[in-house]
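Below is one structure, written out as structure tokens, with a few remarks after it.
The values are calculated or read from the model by the stated rules, or taken from the named source; none is laboratory data. For clarity, every value in this text was computed on a predicted model and none was experimentally measured. Ideal geometry is used to build each Cβ from the backbone, glycine not excepted, and the neighbour counts take in all protein chains shown. With ligands, DNA and RNA removed, areas are computed over all heavy atoms of the protein, side chains included. Shrake-Rupley method; radii C 1.70, N 1.55, O 1.52, S 1.80 Å.
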Amino acid sequence: MVHTVKLNNNADFPILGLGTFKANPGEVEQIVKDAIDIGYRHLDCAMFYENEKEVGAGVRAKIAEGVIKREDIFITSKLWNTYHRPDMVVPTCKRTLADLGLDYVDLYLVHWPHAFKEGDDLIPTDSSGKIIYSDVDYVDTWKEMEKCVKTGLAKSIGLSNFNSKQIDRVLEVATIKPVVNQVECHPFLNQTKLIEFCKKKNIVVTAYSPFGGPASIAQSPDDPQPLKDSKIKAIADKKGKSPAQVILRYLIQHGVVPIPKSAHKNRLKDNFEALNFTLTPDEVATIDSLNTNTRICSHPR
């Protein structure tokens, strides 16, 4: 049985997914196969991760084996910052589909609210190493995202790393509402205000980096490490669960859809078990108290 939440377009969105950021080419195909065998039915991908060909190969292999049908699995991808210019949106989505070897994605997100200089250099920089931005407005990008739905390339569209003001700007022009906003979310950055805002707008929040430091885009020794927190560990010990399971369950009980990444089959299984127990209100409150609004993926620029 797949546990899901309803998106605002009535699509079913599995409440636990597999993240594929920093899943290395050469191993990600097997990770995807293992995850599907375990029961995962939600894969979070992006062009920027440069591994969508392998992700697609894993999915297609499991379809060929008869383990799943295409409609059984929910696949998210994202429009990268160098392709925000309106004329580039639909062709870039088609390029992702070609890499995945699929006819459509279930969800296509605007990866970030800022645009970079257009082209295939994913991190364009000047001679001093500073990122070169583009002045394309994500509101204009969004209008083209809607064409991805109208032409059948994507079943749903949404946002990633958008704050409440940016979401409101999109909603002002949208004829197809974003169904999801994907953001960094973990016990030290529990995003209470943004989650509440999104709930009022009928937008589901997806949580990346649910464990804090591991596989973050800007990992440093000072990163928060919820997996090692003593209060989380005490709850885990009491319930006979792992700290990872407790963190995932905490996010799920806040109505958030976490997308943990792992390259290890035993950890994939461990994470998936977060669906099979509940935390008490007191345990949730204890984890709430850990929030310090500490970001790993800060992008101060």
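For residues in segment 250-301 being outside any helix (DSSP H, G or I), hydrophobic (A, V, I, L, M, F, W, C) and crowded, with 17+ Cβ neighbours inside 10 Å, which is modelled with the lowest pLDDT? Before you say what the answer is, go through the steps one by one.
Here is the first cut: in segment 250-301, the residues outside any helix (DSSP H, G or I) are 254-264, 277-280, 289-301.
Applying the additional criterion that residues be hydrophobic (A, V, I, L, M, F, W, C) yields 256-257, 259, 263, 277, 279, 290, 296-297.
Subsequent filtering for residues that are crowded, with 17+ Cβ neighbours inside 10 Å retains 256-257, 259, 279, 290, 296.
On the way: VAL256: 97, VAL257: 98, ILE259: 97, LEU279: 98, LEU290: 94, ILE296: 80.
Across segment 250-301, the extreme among qualifying residues is ILE296.
Checking the conditions here, which among ASP135, ASP120 is in contact with a Ser or Thr (Cβ under 8 Å, 6 or more places away or on another chain), assigned to a loop (DSSP other than H, G, I, E, B) and open to solvent by 50 Å² or more (accessible area, probe 1.4 Å)? Steps first, answer last, please.
Numbers: ASP135 fails: in contact with a Ser or Thr (Cβ under 8 Å, 6 or more places away or on another chain).
The match here is ASP120.
Pairs, please: C-beta under 7 Å, at least 6 apart or cross-chain, first residue without any contact (Cβ under 8 Å) to a residue 12 or more places away in the chain and in segment 226-250, second of a type outside the set (S, T, N, Q)?
LYS233/PRO243; ALA236/PRO243; ALA236/VAL246
Quick check on segment 150-169. Is at least one of its residues more than 16 Å from the chain's Cα centre (by Cα), within 24 Å of LEU248 (Cβ to Cβ) and of a type in the set (Ser, Thr, Tyr)?
No; the residues of segment 150-169 include none that is more than 16 Å from the chain's Cα centre (by Cα), within 24 Å of LEU248 (Cβ to Cβ) and of a type in the set (Ser, Thr, Tyr).
Failed condition for THR20, given (1) touching a helix residue (DSSP H, G or I) at 6+ places or on another chain (Cβ under 9 Å); (2) among the hydroxyl-bearing types (Ser, Thr, Tyr); (3) modelled with pLDDT of 95 or more, with all others met?
Every condition holds for THR20 apart from (3).
Those residues that are among the polar types (S, T, N, Q) and part of a strand (DSSP E or B), I need them from segment 176-197; list them, please. Lay out the reasoning, then the answer.
The first filter runs over segment 176-197 and keeps only residues among the polar types (S, T, N, Q), leaving 181-182, 190-192.
Of everything in segment 176-197, those that are among the polar types (S, T, N, Q) and part of a strand (DSSP E or B) turn out to be ASN181, GLN182.
Does segment 23-33 hold any residues that are surrounded by fewer than 19 Cβ atoms within 10 Å (Cβ to Cβ) and either in contact with a helix residue (DSSP H, G or I) (Cβ under 8 Å, 6 or more places away or on another chain) or of a type in the set (D, E, K, R) (or both), and which are they? Step through it out loud before you land on a result.
Residues of segment 23-33 that are surrounded by fewer than 19 Cβ atoms within 10 Å (Cβ to Cβ), as a first pass: 24-27, 30, 33.
Selection gives PRO25, GLY26, GLU27, GLN30, LYS33.
Every residue in segment 233-249 that is farther than 25 Å from ALA23 by Cα and outside any helix (DSSP H, G or I), please. Before the answer, list the steps.
So the first thing to find is which residues in segment 233-249 are farther than 25 Å from ALA23 by Cα, and the list is 233-241.
Answer for segment 233-249, where residues must be farther than 25 Å from ALA23 by Cα and outside any helix (DSSP H, G or I): GLY240, LYS241.
Would you list the strands (runs of 3 or more DSSP E) that sit entirely within segment 1-95 and hold 1 or more residues that are farther than 23 Å from ALA263 by Cβ? Steps first, please.
Numbers: elements: 4-6, 12-14, 42-44, 74-79.
Because the criterion is at least 1 residues that are farther than 23 Å from ALA263 by Cβ, the strands (runs of 3 or more DSSP E) in segment 1-95 that meet it are 4-6, 12-14, 74-79.
State whether one or more residues within segment 146-169 are open to solvent by 30 Å² or more (accessible area, probe 1.4 Å), without any contact (Cβ under 8 Å) to a residue 12 or more places away in the chain, among the acidic types (Asp, Glu) and not in a loop (DSSP other than H, G, I, E, B).
There is at least one residue in segment 146-169 that is open to solvent by 30 Å² or more (accessible area, probe 1.4 Å), without any contact (Cβ under 8 Å) to a residue 12 or more places away in the chain, among the acidic types (Asp, Glu) and not in a loop (DSSP other than H, G, I, E, B).
Quick grid of which residues meet (1) open to solvent by 70 Å² or more (accessible area, probe 1.4 Å); (2) farther than 30 Å from ALA115 by Cβ; (3) basic (Lys, Arg):
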site	(1), (2), (3)
ASN10	yes, yes, no
ILE36	no, yes, no
GLY39	no, yes, no
LEU43	no, no, no
MET47	no, no, no
GLU52	no, no, no
LYS69	yes, yes, yes
TYR83	no, no, no
VAL89	no, no, no
